[in-house]
Amino acid sequence: MFQFLLTKQIKQSIYISLSLILVIVVPLYLSLKFTASGPKEINSFRPEETPMATNTFGVKVEKNPTQSKLTDLGVTTWPKWECDPSKFPWTFTATETMYLLKGKVNVEVDGVEGSFEIGAGDLVVFPKGMKVTWDVIEGVNKHYSLEK
């Protein structure tokens with residue numbers, strides 16, 4: 001009789017353990033597995049790359065692009081420009097791509113209400129003809145390239 005009860009208790013323990021595994025562990029594993037692999041299958045760009053997003057002001061900004069992207073663009077071969085904190089108007093006479101090495105700038109686009117901020121680590125593209133006011137909050141050091 002005792003042997004029958006022990007066997008019944010062992011069977012119940014095994015049943016409970018298997019139930020917990022099926023109810024908790026398996027769904028958790030599957031959700032992690034498909035969540036982690038989902039974006040890699042959907043996106044056409046590599047996961048370490050971030051696309052340049054055009055903000056509401058018409059300026060493309062990419063936060064912290066990969067080193068390989070900067071190398072492909074040849075950023076370190078571009079001319080450099082520096083500026084101490086100041087505020088001044090500027091018109092882009094050509095499309096300008098810049099990579100900010102240091103600093104912080106609050107940018108106001110003429111004719112548009114509001115502003116946006118760019119800073120160290122940002123890859124930014126301003127379109128030809130855009131008129132802005134640069135408010136250099138922290139001294140800027142940048143590489144830049146003008147479209148021909």
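What to note about this one:
Condition check ((1) surrounded by fewer than 16 Cβ atoms within 10 Å (Cβ to Cβ); (2) of a type outside the set (A, V, I, L, M)) across all residues:
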residue: LEU73; (1), (2): no, no
residue: THR77; (1), (2): yes, yes
residue: VAL105; (1), (2): no, no
residue: GLY111; (1), (2): yes, yes
residue: ILE118; (1), (2): no, no
residue: PHE126; (1), (2): no, yes
residue: VAL132; (1), (2): no, no
residue: LYS148; (1), (2): yes, yes
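- Looking only at segment 96-148, and only at residues there that are acidic (Asp, Glu) and outside any strand (DSSP E or B), the one that is modelled with the highest pLDDT: ASP110
- Of the residues making up segment 118-133, those that are in contact (Cβ under 8 Å) with a residue 60 or more places away in the chain and more than 20 Å from LEU101 (Cβ to Cβ) are PRO127, MET130.
- Of all residues in segment 106-145, those that are within 15 Å of LYS60 (Cβ to Cβ) and aliphatic (A, V, I, L, M) total 8.
- Neighbours by Cβ (under 6 Å, 6+ apart or cross-chain): first from segment 53-78, part of a helix (DSSP H, G or I); second surrounded by 10 or more Cβ atoms within 10 Å (Cβ to Cβ): VAL75/TYR99; VAL75/HIS143
The values are calculated or read from the model by the stated rules, or taken from the named source; none is laboratory data. Everything quoted here is computed from the prediction, not taken from an experiment. Quick reminder, even Gly has a Cβ in these numbers, built from the backbone with ideal geometry, and neighbours come from all protein chains shown.
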